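Asker: I have a structure here, written as structure tokens, and I will follow up with some questions on it.
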Amino acid sequence: MGVNTTFTMIKPDAVSAGNAGAIMKIIQEAGFRIVAMKKTKLSSERAGEFYEVHKERPFYADLCSYMSSGAIIPMILEKENAVEDFRKLIGATNPKDAAPGTIRALFAKSIEANAIHGSDSDENAQIEGNFFFSAIERF
Ligand code: IDP
Ligand code: MG
């Protein structure tokens with residue numbers, strides 16, 4: 001497995017609770033390099049675009065309003081086997097099922113307000129990174 005990239009964002013619940021610094025420390029100590037990062041906010045429309053694949057799901061409207069309710073911190077991350085290792089680091093979608101020590105076990109408030117996003121494939125990591133960052137924002 002060579003070095004590859006994944007995409008993450010610290011979600012509004014974790015940013016507003018003041019947990020962004022602690023989460024970034026865990027990410028860096030796990031060996032991920034931050035290639036791009038910013039603090040920003042999504043409109044409900046743009047949140048809907050990001051989560052387009054879930055548009056038929058019953059939680060879609062709530063998800064769009066939650067994801068646009070406050071600041072987020074999107075990041076592009078680099079590491080060997082980044083996508084899979086990052087999904088392990090964040091834990092299961094529902095914090096009740098997240099393994100002890102994972103970011104969601106430590107910081108998520110609920111299945112919806114679950115602290116952090118992680119791409120589920122190399123292809124989606126590219127699409128999601130491009131959603132937030134241009135080429136000149138990556139170092
Ligand atoms: P993932 O973030 O672990 O990949 P997905 O199934 O892709 O999980 O769902 C995207 C996001 O939608 C979740 O991170 C969570 O914020 C929200 N979500 C997922 N399932 C539910 C649910 O059953 N109720 C409310 N929100 C949900
Ligand atoms: Mg997902």
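The values are calculated or read from the model by the stated rules, or taken from the named source; none is laboratory data. Small disclaimer: the values here were computed from a predicted structure and weren't measured. Because the Cβ atoms are built from the backbone with ideal geometry, glycine has one as well, and the counts that use them run over all protein chains shown. Ligands, DNA and RNA are stripped out before the accessible areas are found, and what is left, the full protein with its side chains, is counted by its heavy atoms. Shrake-Rupley method; radii C 1.70, N 1.55, O 1.52, S 1.80 Å.
Asker: Which of the residues belonging to the stretch 94-126 are of a type in the set (Ser, Thr, Tyr) and more than 11 Å from ligand 2 (Cβ to nearest atom)?
Answerer: Result: Thr102, Ser110.
Asker: All but one of (1) within 10 Å of ligand 1 (Cβ to nearest atom); (2) farther than 12 Å from Thr5 by Cα; (3) outside any loop (DSSP other than H, G, I, E, B) hold for Asn124; state the number of the condition that does not hold.
Answerer: Evaluating Asn124 over (1) within 10 Å of ligand 1 (Cβ to nearest atom); (2) farther than 12 Å from Thr5 by Cα; (3) outside any loop (DSSP other than H, G, I, E, B) leaves (2) as the failure.
Asker: Residue check, Ser110 against (1) near ligand 1 (Cβ under 10 Å from one of its atoms); (2) open to solvent by 50 Å² or more (accessible area, probe 1.4 Å), all met but one. Which one?
Answerer: For Ser110, the failing item is (2).
Per-residue answers, yes or no, for (1) at negative phi; (2) within 12 Å of ligand 1 (Cβ to nearest atom); (3) without any contact (Cβ under 8 Å) to a residue 12 or more places away in the chain:
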{"site": "Val53", "(1), (2), (3)": "yes, yes, yes"}
{"site": "Met67", "(1), (2), (3)": "yes, yes, no"}
{"site": "Gly101", "(1), (2), (3)": "no, no, yes"}
{"site": "His117", "(1), (2), (3)": "yes, yes, no"}
{"site": "Asn130", "(1), (2), (3)": "yes, no, yes"}
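Asker: Condition (residue is hydroxyl-bearing (Ser, Thr, Tyr) and in contact with a His (Cβ under 8 Å, 6 or more places away or on another chain)) applied to the stretch 15-28: is it met by at least one residue?
Answerer: no
Asker: Please tell me if Arg57 is out of contact with any Phe, Trp or Tyr (no Cβ under 8 Å at 6 or more places or on another chain) and either under 19 Å from Ile23 (Cα atoms) or away from ligand 1 (no atom under 14 Å from the Cβ) (or both). Spell out the reasoning first.
Answerer: Numbers: out of contact with any Phe, Trp or Tyr (no Cβ under 8 Å at 6 or more places or on another chain): yes; either under 19 Å from Ile23 (Cα atoms) or away from ligand 1 (no atom under 14 Å from the Cβ) (or both): no.
Considered against the rule, which asks whether it is out of contact with any Phe, Trp or Tyr (no Cβ under 8 Å at 6 or more places or on another chain) and either under 19 Å from Ile23 (Cα atoms) or away from ligand 1 (no atom under 14 Å from the Cβ) (or both), Arg57 comes out as no.
Asker: Turning to a different aspect of this structure: Please verify whether the stretch 42-59 includes one or more residues that are more than 16 Å from ligand 2 (Cβ to nearest atom), of a type in the set (Gly, Ala, Ser) and modelled with pLDDT of 95 or more.
Answerer: Taking every residue of the stretch 42-59 in turn, at least one turns out to be more than 16 Å from ligand 2 (Cβ to nearest atom), of a type in the set (Gly, Ala, Ser) and modelled with pLDDT of 95 or more.
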